[in-house]
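The numbers here are math on the coordinates, done by the rules we state, and not lab data. This structure is a prediction, so every number in the text was calculated from the model and none was measured. Here the Cβ is made from the backbone with ideal geometry for all residues, glycine too, and neighbour counts use every protein chain on show.
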Amino acid sequence: MVMEIVCPAGTPASLRAAVTAGAHTVYCGFADETNARNFPGLNFDRAEMREGIAFAHDHGAKVLIAINTFPRAGDEALWHRAVADAESCGADAVILADLGLLDHAARHHSGLRRHLSVQAAAANADAVNFYADTFGVKRVVLPRVLSVQEIAAINAETDVETEVFVYGGLCVMAEGRCSLSSYATGLSPNMNGVCSPASHVEYHDDKGVLDARLGGYTIHRVQKGEPAPYPTLCKGCFSAGDKTGHLFEDPVSLNAEQLIPQLQKAGVTALKIEGRQRSRSYVAQVVRNFRAAVDALEAGLPMPEGMLARLSEGQAMTTGAYKKTWR
Amino acid sequence: MELTVGPNQFFWSADAWTSFYQDLAAAPVDRIVLGELVCSKRLPFYQDRIPDAITTLLGAGKDVALTSLALVTLKRERKLAGELVGMGVEVEVNDLTALAHLPQGAPFSVGPLVNVYNEGTISWLAGRGATRICLPPELPLASVATLARAGADLGVIVEVWGHGRLPLAISGRCYHARMHGRTKDNCQFACEDDPDGLDVLTLEGQPFLAMNGVQTLSDSHACAAYQIDALRDAGVGALRLSPQSRGFDTICGLYRQLLDGDVDADHVTDAIGRIDPNTRLSDGFLTGARGVDWSGKAAHP
């Protein structure tokens, strides 16, 4: 079976662009704290969601709704409403991370398919099977800490579908288990759906040297005129001992396009593209390329080469943890 | 309010490890969670010392639990998670993999690295057998209060991170090894030289984080000394102190005196400063705008 391409859509226009470009599946979120890309100007209100899902279904594509932050104590109703609205909007599945919300969805919306978000960081077959047995999860998005061999080992021990990230932003830390952002800025992926938020970024220009600060911490410094990467905490520049540099990760993004055949052999069902914050033209181009790749693979043809180099805008790419030496 | 000593997060020699837990037998704390939290490669160095430490601590009247690893990916790590159940003491689940190995209904506790953010999650865990939950450190006081109430209704003791460098992230990658140009599989135990983690500074030399193998911690030591009354009013049942290589017996004593009303928070923070004048404190996750913020008198740098 052809591998499923799961594409991000931050706006209704991106959703239509992704579907038109050949996405099998699109994932998106409501415009509030219930999803992990809670950025200004992004995401869907209820009417847009309903229309977007109808458009996708008319074109033979599926829509998954990410409700993958951890509900705030005393405020769970907002997340419960999101699950109910996802079902009434006709979503093909919800992507959840929180134990309480999974339990709620399993009990009150048993007909709504449940996927486990990468934010739950289920990193081995025991954890994957636990979520399947306990909450009826049908698909798990695997955390970006696993090698291809480890993914194959998980698939050998479970009937649950697996979905893996192949392109876009790269979390260096186990997802859903990182408070670096809230330590420095007060806002976190788990609680607020944001990481290293733009509201806390400052650029400081001092005599031809450009400092990038996050929450007041200087984590990037370039000469004026050099490209200044966005100051994401785990990809910042720090010193420790006698070393100064990108101690956690370089400012790279993930590109596992050349590993698609191995991922298929490892039993992966779906390939996920990160980037609900990206433009619709970006989304459309990434979708076209990955769709071409999985169609070629299915037809037994060689993989198209270096297809996405242009889109990375000169940024360095990595295959991340999929290759064991990354660790 | 009880005092719990959380699992040591760092890589210590087997002898340092042993004497730390021997000393804890005499410390004014109620509960001790031990075992390997961060990296399974460290465990063989002191694994054979664990049964004796458990016996000593139980003999001293302490409540004892064994932690699971925080991130379980390898086959031998899964096996370890399964073996915890047979060690004869309660398991503190810090990765849900361990829960998958517990018999349905068997009592267990939940550590701060499991995402417990709301009443629905506490309720589900209680139904599964959780008797005690140490909340994730990033929760604000308002959430802590709501969850402590929910815990009380369910018969679950709610514990809060009270002292020590904050566990901010865990990764598949070992940063200590990477810094030395090695991979995790060939790390040569680069983390053993840093018994409290390696300071990570910003480009302006500002202390910010601490590196501990696959784990990233805060530079600052969390300190809930000024929130004790609020936590007690909220119904929090225990305060967690996280091990550090220097002055930990003093720290246990200070928090015990604080809980007993014998000293005030100023006294506690002054005394912590005397253990190491370079210790920066924070309580911002509980009360501040950012985790690093500090409500006490000596501002963090």
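Whole-Å semi-axes of chain A's equivalent ellipsoid, largest first, each the root of 5 times a Cα gyration tensor eigenvalue?
Values: eigenvalues 180, 115, 84 Å².
Equivalent ellipsoid semi-axes, largest first: 30, 24, 20 Å.
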Scattering profile of the stretch B:207-277 at q = 0.11, 0.19, 0.24 Å⁻¹ [log10 I(q)/I(0), Debye over alpha-carbon scatterers]: -0.31, -0.86, -1.18
Given charges at Cβ of Lys, Arg, Asp, Glu: chain A dipole, positive-most of A:THR269, A:THR244, A:GLY100: A:THR244
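Which value results when the Cα radius of gyration for chain B is divided by 2.2 N^0.38 Å?
Values: Rg = 18.2 Å, N = 301, 2.2 N^0.38 = 19.2 Å.
Working it through for chain B, the quotient is 0.95.
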Neighbouring partner chain Cβ atoms per residue of B:197-206, average, 10 Å criterion: 6
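Quick one, what does Rg over Rh come out to for the stretch A:88-245 if you take C-alpha atoms and the Kirkwood Rh? Present the calculation step by step, with values, prior to reporting the outcome.
Details: Rg = 19.6 Å, Rh = 18.0 Å.
Using only Cα positions, Rg/Rh for the stretch A:88-245 is 1.08.
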Estimated vicinal HN-Hα couplings, Hz - the stretch A:125-138 in sequence order (Karplus 6.51, -1.76, 1.60; Gly, Pro = x): 5, 4, 5, 4, 5, 4, 5, 5, 5, 7, 10, x, 5, 9
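Rounded to two decimals, what ratio of Rg to Rh does the stretch B:168-301 give with C-alpha atoms and a Kirkwood Rh? Numbers along the way, then the final one.
On the way: Rg = 16.6 Å, Rh = 16.3 Å.
Rounded to two decimals, Rg/Rh equals 1.01.
Roughly speaking, what % of Cα-Cα pairs in the stretch A:180-246 are separated by over 17 Å, rounded to a whole number? All intermediate terms of the calculation are to be shown ahead of the outcome.
Details: 938 of 2211 pairs.
Of all Cα-Cα distances in the stretch A:180-246, 42 percent exceed 17 Å.
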Table column - 3J(HN,Hα) (Hz), the stretch B:99-114, Karplus curve with 6.51, -1.76, 1.60, x for Gly and Pro: 5, 4, 8, 7, x, 3, x, 5, x, 8, 10, 10, x, x, 9, 9
Inter-chain Cβ neighbour average for residues A:68-77, partner chain, 10 Å: 6
Size descriptor, Kirkwood hydrodynamic radius, that averages inverse alpha-carbon separations across the protein assembly as shown, Å: 24.9
Percent of beta bridges antiparallel (DSSP, chain B, rounded to nearest 5): 35
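For the stretch A:170-317, count all C-alpha to C-alpha pairs, find those more than 20 Å apart, and express that count as a whole percent of the total. Intermediate values should be presented prior to the final figure.
Details: 6507 of 10878 pairs.
Within the stretch A:170-317, distances greater than 20 Å cover 60 percent of Cα pairs.
Placing +1 at every Lys and Arg Cβ and -1 at every Asp and Glu Cβ, with all other atoms neutral, what dipole size does the protein assembly as shown have around its Cα centre, in debye to the nearest 20? Let's see the in-between values first.
On the way: 56 positive and 72 negative charges, 316 e Å.
Rounded to the nearest 20 debye, it is 1520 debye.
Can you tell me what percent of all Cα-Cα pairs in the stretch B:17-167 are more than 26 Å apart? Walk me through the numbers before you get to the answer.
Working: 2838 of 11325 pairs.
Tail of P(r) above 26 Å: 25 percent of Cα pairs.
Quick check: convex hull over the Cα atoms of the stretch A:1-107, volume per residue in Å³, rounded to an integer?
Numbers: hull volume 11.0 nm³, N = 107.
Enclosed volume per residue, from the Cα hull, is 103 Å³.
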Spatial separation of Cα centroids for the stretch B:1-19 and the stretch A:72-124, in angstrom: 38
For the stretch A:125-256, with +1 on Lys and Arg beta carbons and -1 on Asp and Glu, the positive-most of A:PHE165, A:ALA132, A:SER179 along the dipole: A:SER179
Ratio Rg/Rh [Cα only; Rh per Kirkwood] for the stretch A:1-44: 1.04
Within the protein assembly as shown, percent of DSSP bridges classed antiparallel, to nearest 5: 35
Signed unit charges on C-beta, dipole axis of chain B, positive-most listed residue B:LEU84, B:VAL72, B:GLY288: B:VAL72
Whole-Å distance, taken between Cα centres, linking the stretch A:228-246 and the stretch B:211-228: 20
Evaluated at q = 0.18, 0.26, 0.28, 0.30 Å⁻¹: base-10 log I(q)/I(0), Debye formula over Cα of the stretch B:80-141: -0.59, -1.14, -1.29, -1.43
Lysine pairs with alpha-carbon atoms under 30 Å apart, chain A, spacing 8 or more or separate chains: 22
